Amino acid sequence: MHCRQEPRRDISADCRFRSGPGLSRKGVLSDVSSEGCSLRGPRLSLRRSDWVILDIDDVGRVEAEVRWLRHGESAGLRFRRALAAAQVDTITRMSQLRSILGPGPRKTVPLEAKNLRPVG
């Protein structure tokens with residue numbers, strides 16, 4: 001059995017992920033360390049040894065391999081390249097801030113067509 005080299009941080013951080021050429025989906029990261037994390041989401045259509053691309057706020061894109069799956073709702077991921085300690089600290093800090101402050105302000109979506117008018 002493989003022993004973890006460092007403790008995992010018990011957090012809940014929003015992310016986007018995708019496997020293959022499909023669209024990215026929302027997920028939640030937990031149990032983060034420099035080597036890997038857990039990913040939760042509804043109906044994860046992943047298989048063991050699949051490669052996943054995570055988009056993590058303030059950290060960027062991270063590639064990870066699926067190591068285990070649980071009931072199609074959670075997966076254990078091992079990062080292709082270990083995260084730097086500063087990146088793990090950033091994920092932890094952003095998770096703590098969002099749990100205190102709630103979700104950030106909604107981003108406005110610019111309209112491309114000038115001739116659109118409000119409905120209502």
Next item on the list: Would you kindly derive the ³J(HN,Hα) couplings of the stretch 37-46 from the backbone phi angles with the Karplus curve 6.51 cos²θ - 1.76 cosθ + 1.60 (θ = phi - 60°), listing them in order in whole Hz, with x for Gly and Pro?
Entry: 6, 9, 10, 10, x, x, 6, 5, 9, 10
Checklist line | Spacing of the two label points (7 Å from each Cα toward its C-beta) at residue 55 and residue 73, in nm | finding: 2.6
Checklist line | Counted charge near residue 71, where neighbours are those whose Cβ lies closer than 11 Å (Asp, Glu -1; Lys, Arg +1) | finding: +2
Next item on the list: Go through the stretch 61-73 residue by residue and turn each phi into a ³J(HN,Hα) via Karplus (6.51, -1.76, 1.60, θ = phi - 60°); whole Hz please, and just put x for glycine and proline.
Entry: 8, 9, 8, 8, 9, 6, 9, 8, 10, 9, 6, x, 10
Next item on the list: Work out from phi, with θ = phi - 60° and the Karplus expression 6.51 cos²θ - 1.76 cosθ + 1.60, the ³J(HN,Hα) of each residue of the stretch 52-57, listed in order in whole Hz, and give x for Gly and Pro.
Entry: 10, 10, 9, 10, 10, 3
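Size of the dipole of the stretch 1-79 about the Cα centre, Lys and Arg at +1 and Asp and Glu at -1 on the beta carbon, nothing else charged, in debye to 20? Write out the running numbers ahead of the final one.
On the way: 15 positive and 12 negative charges, 74 e Å.
That gives the stretch 1-79 a dipole magnitude of about 360 debye.
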Checklist line | Summed side-chain charge close to residue 54 - residues other than residue 54 whose Cβ falls under 13 Å, Lys, Arg +1, Asp, Glu -1 | finding: +2
Next item on the list: Please list the non-local residues whose amide H lies under 5 Å from the amide H of residue 36, H modeled 1.01 Å from N, same-chain partners needing a gap of 5 or more.
Entry: 79
Checklist line | Low-density loop cleavage sites - trypsin sites (Lys or Arg not before Pro) in the stretch 1-53, where at most 13 other Cβ are within 10 Å (DSSP) | finding: 4, 43, 47, 48
Notebook entry, point to check: Can you give the extra length, in nm with one decimal, that the chain gains between residue 93 and residue 25 once fully stretched, where that is 0.36 nm per residue apart less the Cα-Cα distance?
Noted result: 22.2 nm
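Over the stretch 1-91, what percent of the accessible surface lies on carbon and sulfur atoms, probe 1.4 Å?
Details: 2690 of 5810 Å².
Accessible surface attributable to carbon and sulfur in the stretch 1-91 totals 46 percent.
The values are calculated or read from the model by the stated rules, or taken from the named source; none is laboratory data. Owing to the predicted nature of the structure, the values given are computational and were not obtained by experimental measurement. Note that we place each Cβ from the backbone using ideal geometry, even for glycine, and neighbour counts take in every protein chain shown. Side chains included, ligands, DNA and RNA excluded: accessible areas come from the protein's heavy atoms. Shrake-Rupley method; radii C 1.70, N 1.55, O 1.52, S 1.80 Å.
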